[in-house]
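Following: one structure in structure tokens, then a few remarks.
The values are calculated or read from the model by the stated rules, or taken from the named source; none is laboratory data. This one's a predicted model, so the numbers in the text were calculated from it and none came from an experiment. Here Cβ is always computed from backbone atoms with ideal geometry, including for glycine, and neighbour counts include all displayed protein chains.
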Amino acid sequence: MTSPNTKIDRLDWAGISAQLDIEGYAVLPGLLDASTAHDLARQTETMSAAHRVPLASADLGHGELFYFDASLPTPLEIWRTVFYRHLAVIANQWAEILGVDGSYPAELGDFRRRNQKAGQVQAQSHLNRLGVEDYVALHQRSAGEQVFPLQVVALLSEPGKDFHGGEFVMTEQRPRMQSRPMVLPLKLGDAAIISTSERPFKGTRGHYRVNLKHAISRVRQGERIGMELTFHDAR
């Protein structure tokens, strides 16, 4: 069986980059097999109360987040490291287009050291667990001096069987235009690379900056468990 980290290296990164430029997201179907997805979902049953944060306490909706420590458990740390090596190339291309000062280093460890120097030491990667009527409000994780422009999300439950509703939603706000909604068609084990908060968009007069947020719609039946991997930490 091909491991997820090997799958990551073998992905069509040219196609992913093009999709991110067009839509601000790229779906990676079946990145995790069902067994791996279910194993990760079960961690919500074993993580301590110290890692659990009600979404309502942060005014982010209703449900629970389960934050990982600074060092992710195996194999998530390996996946995040492998993803970063590929995404840093895209992030630097976006930074150049937008005229952002500085560049993202090739390795995640070097970028995380920049986070530490900036006082950003609070891990943001987490599992989310939503029951009936739970949801995640529109938001973006863009606070701090060091913000990586891309992150990875994954669905660890099976829509139509484990839960109904709970669609992963993004909105994109372009200057002087109404917000554009997007629904990502995620299935069990699917992952997606999404824009953290801003990305370049090529219009008729050149590139300009657009703003993105993401959310999870209300769960109507069952329980939905998902995952978010971020590459920068918070203060």
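When restricted to residues that are at pLDDT 95 or above and of a type in the set (A, V, I, L, M), region 98-120 contains 3. Name the pairs whose Cβ atoms lie under 8 Å apart, with the first residue in region 104-127 and among the β-branched types (Val, Ile, Thr), the second assigned to a loop (DSSP other than H, G, I, E, B), and 6 or more positions between them or separate chains? Correct list of pairs: Val121/Ala70; Val121/Asp233; Val121/Arg235. Cβ-Cβ contacts under 6 Å between residues 6 or more apart (or on different chains), taken from a first residue in region 59-88 that is of a type in the set (Gly, Ala, Ser) to a second residue that is modelled with pLDDT under 95 and surrounded by fewer than 20 Cβ atoms within 10 Å (Cβ to Cβ), are listed as Ala70/Ala123.
Considering Lys187, Lys161, the condition of being in a loop (DSSP other than H, G, I, E, B) and under 24 Å from Ile16 (Cα atoms) is satisfied by Lys187 alone.
Every residue, every condition in (1) closer than 18 Å to Val153 by Cβ; (2) touching a Lys or Arg at 6+ places or on another chain (Cβ under 9 Å); (3) of a type in the set (Lys, Arg), yes or no:
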{"residue": "Ile16", "(1), (2), (3)": "yes, no, no"}
{"residue": "Asp21", "(1), (2), (3)": "no, yes, no"}
{"residue": "Val27", "(1), (2), (3)": "yes, no, no"}
{"residue": "Asp33", "(1), (2), (3)": "yes, no, no"}
{"residue": "Asp39", "(1), (2), (3)": "yes, no, no"}
{"residue": "Thr46", "(1), (2), (3)": "no, no, no"}
{"residue": "Leu72", "(1), (2), (3)": "yes, yes, no"}
{"residue": "Thr81", "(1), (2), (3)": "yes, no, no"}
{"residue": "Tyr84", "(1), (2), (3)": "yes, no, no"}
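Summed over region 201-222, residues that are of a type outside the set (A, V, I, L, M), part of a strand (DSSP E or B) and within 18 Å of the chain's Cα centre (by Cα) total 3. Selection within region 151-173: residues that are at positive phi and in contact with a strand residue (DSSP E or B) (Cβ under 9 Å, 6 or more places away or on another chain). The member of this set that is surrounded by the fewest Cβ atoms within 10 Å (Cβ to Cβ) is Gly165.
Mind checking which residues of region 140-150 are surrounded by 15 or more Cβ atoms within 10 Å (Cβ to Cβ) and either over 17 Å from Leu184 (Cβ atoms) or not hydrophobic (A, V, I, L, M, F, W, C) (or both)? Those that are surrounded by 15 or more Cβ atoms within 10 Å (Cβ to Cβ) and either over 17 Å from Leu184 (Cβ atoms) or not hydrophobic (A, V, I, L, M, F, W, C) (or both): Gln140, Arg141, Ser142, Gly144, Gln146, Val147, Phe148, Pro149. The residues in region 87-105 that are in contact with a helix residue (DSSP H, G or I) (Cβ under 6 Å, 6 or more places away or on another chain) and under 13 Å from Asp21 (Cβ atoms) can be counted, and the count is 1. Against the condition more than 24 Å from Arg42 (Cβ to Cβ), among the acidic types (Asp, Glu) and not in a loop (DSSP other than H, G, I, E, B), how does Glu228 come out, does it pass? Answer is no for this residue. Looking only at region 174-186, decide whether some residue is in contact with a helix residue (DSSP H, G or I) (Cβ under 6 Å, 6 or more places away or on another chain) and surrounded by 15 or more Cβ atoms within 10 Å (Cβ to Cβ). There is no residue in region 174-186 that is in contact with a helix residue (DSSP H, G or I) (Cβ under 6 Å, 6 or more places away or on another chain) and surrounded by 15 or more Cβ atoms within 10 Å (Cβ to Cβ). When restricted to residues that are loosely packed, with under 12 Cβ neighbours inside 10 Å and either outside any helix (DSSP H, G or I) or of a type in the set (D, E, K, R) (or both), region 10-41 contains 3. Screening Ala50, Ala18 for residues that are within 27 Å of Asn211 (Cβ to Cβ), out of contact with any Pro (no Cβ under 7 Å at 6 or more places or on another chain), without any contact (Cβ under 8 Å) to a residue 40 or more places away in the chain and of a type outside the set (Val, Ile, Thr) leaves exactly one candidate, Ala18.
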